[in-house]
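The values are calculated or read from the model by the stated rules, or taken from the named source; none is laboratory data. Since we're looking at a predicted model, the values are computed, not measured. Here the Cβ positions follow ideal geometry from the backbone for every residue, glycine too, while neighbour counts run over all protein chains shown. All accessible areas refer to the heavy atoms of the entire protein, side chains included, with ligands and DNA or RNA removed. Shrake-Rupley method; radii C 1.70, N 1.55, O 1.52, S 1.80 Å.
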Amino acid sequence: MSPTTMTLAKAINAGLRRALEADPKVLLMGEDIGRLGGVFRVTEGLQADFGADRVMDTPLAESGIVGTAIGLALRGYRPVVEIQFDGFVFPAFDQLTTQASRLRFRSHGRLSVPLVVRIPYGGGIGAIEHHSESPEAYFAHTPGLKVVTIATPSDAYWAVQQAVASEDPVILLEPKRRYYSRGEVDPDAVPDPLHAARVVRRGSDATLLAYGPTVQTCLDAAEAAAAEGRSLEVVDLRSLAPLDDDAILASVERTGHCVVVHEAQRSGGLGAEIAARVSESCFYSLEAPVLRVTGYDIPYPPARAEHAYLPDVDRVLDAVDRSLAH
């Protein structure tokens, strides 16, 4: 296959297709993922090609879907579960945080749970309650779960295959407002490791740490800053558990300034953990405190007000101004 341009959603579809072709033990499960192809059409065409016994429409019962998938994983299968929207994952929270995450530790390594849970997450699509949340901190806080997110079609294509190949449960967070962003995918490329961060724009004045939907926001902010003579480095974290500390710290040590950007609420968010690690390890390199640009400590607002909640270019640049003013 030659490199091709596709949307992030189509890249996930292509990655799932390749995983299904490579291993007959890979199964897809979720609400409306079969005949409909999912709410966002990410799994479109897969049931027609691989059959209803491998791409399965399930009842609307997230706890039952994930519980069944854990059992299948323990029996040697590699289930990939789709949660229809981020806020719908909480009925399965017990299965993920007290069962799937602990079985390897509980069995002294004798059992593994090669389970992937795909979760469309984040705002920006004008949706109603429970359709625009960012629950990543809950899962990154849980030992035994790997948490990964994607920002480009190339990452989407490779990350879903790498997650399927993992022997541990992986939460794969997909930024739904970026589903239709386009980029090049090279099926013959050598992908980065699943848990490696990547510098997506080099800069020297400050580091912007972002993941998922806010990577593009930070790239747009860096472009705007360049017009004003400022050089911002943008790092796509990609993996939230584990974090790639080496890449994060190396960037901040180069620039001396750090701004963390995510959509989730501020208190107890990933930004707080990242800020603590940077402050502990880069104390003598930092020229200003680590700043955060995040959602607010409120329930996700109604669709007409979400523009005031989500981090945007202006809020990112304001944080950069405050950091560089020190």
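What the table below lists for this structure:
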{"read-out": "Only listed residue being farther than 22 Å from GLY38 by Cβ, polar (S, T, N, Q) and in contact with a Pro (Cβ under 9 Å, 6 or more places away or on another chain), chosen from THR217, THR149, THR207", "value": "THR217"}
{"read-out": "Strands (runs of 3 or more DSSP E) contained in the stretch 8-111 and holding at least 3 residues under 22 Å from SER154 (Cα atoms) and open to solvent by less than 70 Å² (accessible area, probe 1.4 Å)", "value": "78-82"}
{"read-out": "Selection from the stretch 201-215 of residues that are buried (at least 24 other Cβ atoms within 10 Å of the Cβ) and not aliphatic (A, V, I, L, M)", "value": "THR207, TYR211, GLY212, PRO213, THR214"}
{"read-out": "Subset of the stretch 220-258 (residues that are open to solvent by 60 Å² or more (accessible area, probe 1.4 Å), over 23 Å from SER285 (Cα atoms) and in contact (Cβ under 8 Å) with a residue 24 or more places away in the chain)", "value": "ASP220, PRO242"}
{"read-out": "Top-ranked residue of the stretch 124-137 - restricted to ones that are under 13 Å from the mean Cα position of the chain (by Cα) and of a type outside the set (D, E, K, R), ranked as surrounded by the most Cβ atoms within 10 Å (Cβ to Cβ)", "value": "SER134"}
{"read-out": "Only listed residue being touching a helix residue (DSSP H, G or I) at 6+ places or on another chain (Cβ under 9 Å) and open to solvent by less than 10 Å² (accessible area, probe 1.4 Å), chosen from VAL313, VAL293", "value": "VAL293"}
{"read-out": "Every residue from the stretch 185-198 that is open to solvent by 20 Å² or more (accessible area, probe 1.4 Å) and over 16 Å from the mean Cα position of the chain (by Cα)", "value": "ASP186, ASP188, ALA189, VAL190, PRO191"}
